[in-house]
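What follows is one structure encoded as structure tokens, with my remarks underneath.
The values are calculated or read from the model by the stated rules, or taken from the named source; none is laboratory data. All values derive from a computational prediction rather than experimental measurement. In this analysis, Cβ positions are derived from the backbone assuming ideal geometry, glycine residues included, and neighbour counts consider all displayed protein chains. With ligands, DNA and RNA removed, areas are computed over all heavy atoms of the protein, side chains included. Shrake-Rupley method; radii C 1.70, N 1.55, O 1.52, S 1.80 Å.
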Amino acid sequence: MKKRYKIKGTNMKGHIVQHGANGLVILKITKNYNPFMRQVFGMEELEEIKC
């Protein structure tokens, strides 16, 4: 099962689709999607959701 993450400071949730350089990840937002929100985040901005 995919790990799900929540973006700190928002109520947006999603899962990682790609790991990039320098610890950045591309997040596919699945809950409370905002088309104007960026999709690349540092791991320190995310918090893992315990399922």
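What the table shows:
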item: Residue satisfying condition, being modelled with pLDDT of 90 or more and of a type outside the set (Phe, Trp, Tyr), within set ARG4, ARG38; result: ARG4
item: 2 or more residues open to solvent by less than 40 Å² (accessible area, probe 1.4 Å) and free of Cβ contacts under 8 Å to residues at least 60 places away in the same chain: qualifying strands (runs of 3 or more DSSP E) within segment 10-51; result: 13-19, 24-31, 40-42
